[in-house]
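Structure, as structure tokens:
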Amino acid sequence: VTSADCISANGDWKTYPAIFDNILWALFSLFEMITAEGWMDLLMHGVDGVGPDIMPVIDYSPPRVFYFIIYMIIARFFLLNMFVGSVIESFQSLKKEMAGEELFMTREQKRWVEISRAFLTHPHSAQPKLLGNVSETRKKAYTWLTPRFDNIVTGLICFNNLIIAMIYYQMPPEYASFIDIMSTILSVVFSLEIAFKIYVFRLQFFSDNWNVFDFVVVAAADALIILSQVDSSYSTISSAARVFRLLRTIKLLNTMKSFRTLFLTFVSSLPSLMNIGILLFLFVYIYAILGMNLFSTVMLQKELNSQANFRTFGMSLLTMFRCTTGEAWQGLMHDLMLQDTYQGVACMGDVSYADIAAGNINGCGSYVAIPFMISYQVIVAFVLLNLFVAVVLEAFADEKKDEESERVRRSVQCFIDEWTKEDRFGTRFVSPFTLAAILRKVPTPLGFLDSDGVSQTTSSVLKTIAGWHLPMLDRRLHFKDVCSVLAARFSGTPDLTGNASRLVEQMEKQWKSRFPELKMYMFSPKADFAEHYAASVIYKWVKYRRLRKADSSATNPQIPDDQELGQESDQEELPPPSPFVLDAENADEKL
């Protein structure tokens, strides 16, 4: 059957919108295929095609399938992904250039920022601490907050998820009672956990964002349960309370390294994603306005229907957002190109205000729909949406850097773990001798433990620490000061003046927000550990000389070791020693 036979029999001869009659229509059809939307329909029509103006025959030429499949493999799987890679690479290069990262930061400054952020973002460094005068009961309670306690809470969270997963429709009464009892027990346990931590830390509990999150989730779940018990009409709220507790699962991301990396990637990319989202909405808004002006009177058809059209601004926004996801965008474009009839109803070339008032909106479409929809797909679907991917990949690359960065993270992890063991009550202060013991267990580059497991002597480490000129408060060193010195030591003592001063100010603000006690610590009188260390060396040398004079016959008088000289001196005629000293040989060299 040919088109002439159809027309002579008073039939309506129509062709499929995607055709290969000339080079322009062929390019148009292939572009539809590369978006993977409706390409199977085009493949079937291609296989059924017989010839020009001849009615299709089902499965007329099956080998034509290979043409479409090969094109999809080459164009969709390779060329389109190469285009995506080009967009991502251009985005990353442009961002670095515009941010001035390569122009205004030296390599040492970048490493300083990296190690400082590693200390700041480590979960243990942000945990609340016991401040001020603390009762023995609270100190004892604090010792219970061990990793084992956290593991028990994690297990209860997983058990809560299991209980929620066991709920199903039309449960037996006994089974439903068991679920309610277990949910009540878990609610009480989680409430006691939060109350216990608030008792131990008081207001410091809310200095950690994860603790605030736990408090909000548990308090909201308890409030919903109480509301459901007070008023029986809110009985369904108890189910919502169980689901609300499910949010605590997010906290597990903070305990699992790989999940924490993914979560930090998501959080760190949110500002950039928001910027791209605003740009995306701008294009959706512009195209929605254009669509209203161009296609508001087009007759409703299969894809252009009451759920997707351009007759109101709100519906135009929803329609363009649907096209952003690629859902049946080509079918919508075909309907916007309507030129004759649809299901026996002829379209009108001009739709008057009287027709609109009467609800008779059956206007014809326009071939302007082709550049309108194709340009939208290229700009929004191919470029802007892939910028989201670029932002996430860049954030993930920042979290997963080279091997050296991973080595630094391991050193930071080891340092904070050893510090936590020594600082049992979380005062964030340790003595210099304790700091030396900590650093002797920390691998390089932050510590003094080499790859062979050999560490420097305590005297050598103390001598190095003295060269850092750390401030002391009551003969103790603060965590923040030690971290700042370690960051500078690791990065090669970068120049933090000029353009880098802004980074220093940002880091100081982050330290203060993490550690509220720094506001008081900054105004407390402090001494330089190097001066105390030098005084200890002089004191030991003087004591050694006096022992030799007192016993001139002794060829090798007994010299107290570092631990003995670390205690307060009972000799009033000599100045009180610092807690740390060198050995006798280094004392002579120092003098």
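The solvent-accessible area of Phe206, taken with every protein chain present and a 1.4 Å probe, is close to 80 Å². Overall form of region 289-400: prolate. Here a/c, set by the Cα gyration tensor axes a ≥ b ≥ c, is 1.5 or more, and a/b is the larger of a/b and b/c.
Sorting Asp150, Asp350 on solvent-accessible area from highest to lowest, probe radius 1.4 Å, gives Asp350, Asp150. Which of Lys139/Lys421; Lys421/Lys480; Lys251/Lys480 have a Cα-Cα distance over 23 Å? From Lys139/Lys421; Lys421/Lys480; Lys251/Lys480, over 23 Å: Lys251/Lys480. Taking amide H as placed 1.01 Å from N in the peptide plane, Tyr342 has its amide H under 5 Å from the amide H of Cys347, each at least 5 places away in sequence or on another chain. Packing, as the average of other Cβ atoms within 10 Å across residues, places the peptides 10-20, 455-465 in the order 455-465, 10-20, highest first.
Put Leu317, Leu304 in order of accessible area, highest first, and with a 1.4 Å probe you get Leu317, Leu304.
In sequence order, region 476-488 has phi-based couplings of 9, 10, 8, 4, 5, 5, 5, 5, 4, 5, 5, 5, 5 Hz under the Karplus curve 6.51 cos²θ - 1.76 cosθ + 1.60, θ = phi - 60°, and Gly or Pro positions carry x. The 3J(HN,Hα) values that the Karplus relation (6.51, -1.76, 1.60; θ = phi - 60°) gives for region 273-282 are, in residue order, 5, 5, 5, 5, x, 5, 5, 4, 4, 4 Hz. Gly and Pro appear as x.
Shown are Leu246, Leu79, whose ranking by accessible area with a 1.4 Å probe and every protein chain present, most to least, is Leu79, Leu246. Applied to region 435-450, the Karplus parametrisation 6.51 cos²θ - 1.76 cosθ + 1.60 on θ = phi - 60° returns per-residue 3J(HN,Hα) values of 4, 4, 5, 5, 5, 5, 9, 9, x, 5, x, 7, x, 10, 9, 7 Hz, with x for Gly and Pro.
The values are calculated or read from the model by the stated rules, or taken from the named source; none is laboratory data. Keep in mind it's a predicted model, so treat the numbers as computed, not measured. Note that we place each Cβ from the backbone using ideal geometry, even for glycine, and neighbour counts take in every protein chain shown. The accessibility values were calculated without ligands, DNA or RNA, using every heavy atom of the protein model including side chains. Shrake-Rupley method; radii C 1.70, N 1.55, O 1.52, S 1.80 Å.
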